[in-house]
Amino acid sequence: MLADYLDWITASALPAWATQGFDQRAGRFHERLDRAAAPIAVPHRAMVQARQIFVFAHAAELGWAPEGAALAERGMASLLRDFATDEGDEISVAFAIDPTNGAICAPQRDAYAHAFVLFALAALHRLNGERKLLDIAERVIRFIERRLTDPEHGGLFDALPAPAEKRQNPHMHLLEAYLLLARAAPGRGYEERAAALVALFRRHFLRDGVLIEYFGQDWSVARPLWEPGHHFEWVWLLGEYGALAGDDVQTEMDALYRSARQRGVAADGLLIDELSPEGIVLKPSHRVWPHSEAIKAAATRDDPDFANVMAAGLLRHFLDRPFAGGWTDHLSADGAPLVDYVPASTLYHLVLAASVAAKSFAAAPALAKGAS
């Protein structure tokens, strides 16, 4: 099943999103497509642009998308042109713009989006070696550390203006960005920033074997719930961090993987959206992206059987519908689609899982040769 999944990524998903998913006139990626693969005119988020830049830079690096480098570079140019504000030695990005005229329609500064901008800059630098991209990343980091970081309690404000709650999620993706930056440009302090985020994870996020999602500003638990998908995502990230830093994170990885495997899988084999710390199902629906994160976690844990089960679930229930290269993003507990559009944001999960599988499992030897 992993081989079929990898084939779908390269033969169907990437070509579809390189064509129907890209606005040639504006030089940026569409936010979502309808059931006929036509773009839907909704605000374009910086986070989605950054994710798609990563997708096509990474796919180009692997040899999976011949047009990937050009798309990623055009996407980065429009991201900086349309979303970014340059203020002295800092750069920040607006949350969203109007797709018709490119005007900013949501000016708030979102921690999640800034993490993905760094991720995209790292991936594109790794592909083309442009030093300017690292200079931009340093200026984005200054904004994050000066404006989005809580000086009293530590960690990231979710956005500016700061809401009442903090989330673990932006920290997870900032760790992902620093790990990619550290591999693309070692010795610039990214490893130390990654270590600080792992320390925050140990101090606040992981509680009694589960990863809490929502906190007050002082790190008190605001909403006691956890998501199996994020458990799997952290398993892979901790594995990457441990390999980079030489830090022993096996205990934390074991706890996350065990709880997600034992309590996060529904009777039909699909992953549950949300549970309470006690294991009570709070949201029995199923998103597509956690299954791709489970493949990455299974690779980290050397668990090919579970990876194949997750790939089979993706192919059987989510992928290649409602059009070739698309997916049903969200299903109810009884399997009914909960959305009538295909969001571009999900492709990042699917492509990264495919590249991890190609590197880790002997599922598709021809693809595995190009994985890194």
### Task
Find the residue count for segment 96-116, including only residues that are touching a residue at least 40 places away in the same chain (Cβ under 8 Å) and open to solvent by 60 Å² or more (accessible area, probe 1.4 Å).
3
### Message
Pairs needed: first member in segment 306-325, open to solvent by less than 50 Å² (accessible area, probe 1.4 Å); second member anywhere, in a loop (DSSP other than H, G, I, E, B) and β-branched (Val, Ile, Thr); C-beta distance under 8 Å; at least 6 residues apart or different chains.
### Response
314/288; 318/288; 318/328; 319/288; 322/328
### Task
Under 9 Å between Cβ atoms, at least 6 apart or on separate chains: pull out the pairs that start in segment 162-190 with a residue that is touching a residue at least 40 places away in the same chain (Cβ under 8 Å) and small (Gly, Ala, Ser) and end on any residue that is assigned to a loop (DSSP other than H, G, I, E, B) and surrounded by fewer than 20 Cβ atoms within 10 Å (Cβ to Cβ).
162/150; 162/217; 164/217; 182/188; 182/189
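A quick yes/no check of all residues on (1) of a type outside the set (A, V, I, L, M, F, W, C); (2) open to solvent by less than 20 Å² (accessible area, probe 1.4 Å):
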position	(1), (2)
118	no, yes
125	yes, no
132	yes, no
138	yes, no
148	no, yes
175	no, yes
180	no, no
198	no, yes
211	no, yes
### Query
Given the structure, is residue 356 hydrophobic (A, V, I, L, M, F, W, C), closer than 28 Å to residue 206 by Cα, open to solvent by less than 10 Å² (accessible area, probe 1.4 Å) and not in a loop (DSSP other than H, G, I, E, B)?
no
### Message
Looking only at residues that are in contact with a Leu (Cβ under 7 Å, 6 or more places away or on another chain) and within 15 Å of residue 17 (Cα to Cα) in segment 338-350, which one is surrounded by the most Cβ atoms within 10 Å (Cβ to Cβ)?
### Response
342
### Query
Listed residues 13, 46, 65; which is surrounded by 16 or more Cβ atoms within 10 Å (Cβ to Cβ), at pLDDT 95 or above and touching a strand residue (DSSP E or B) at 6+ places or on another chain (Cβ under 6 Å)?
46
### Message
Would you confirm whether or not segment 160-178 contains a residue that is among the hydroxyl-bearing types (Ser, Thr, Tyr) and not in a helix (DSSP H, G or I)?
### Response
no
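The values are calculated or read from the model by the stated rules, or taken from the named source; none is laboratory data. Note that the structure is predicted; figures quoted are calculated from it, not measured. Ideal geometry is used to build each Cβ from the backbone, glycine not excepted, and the neighbour counts take in all protein chains shown. Remember, those area values only see protein heavy atoms, side chains included, never the ligands or the DNA or RNA. Shrake-Rupley method; radii C 1.70, N 1.55, O 1.52, S 1.80 Å.
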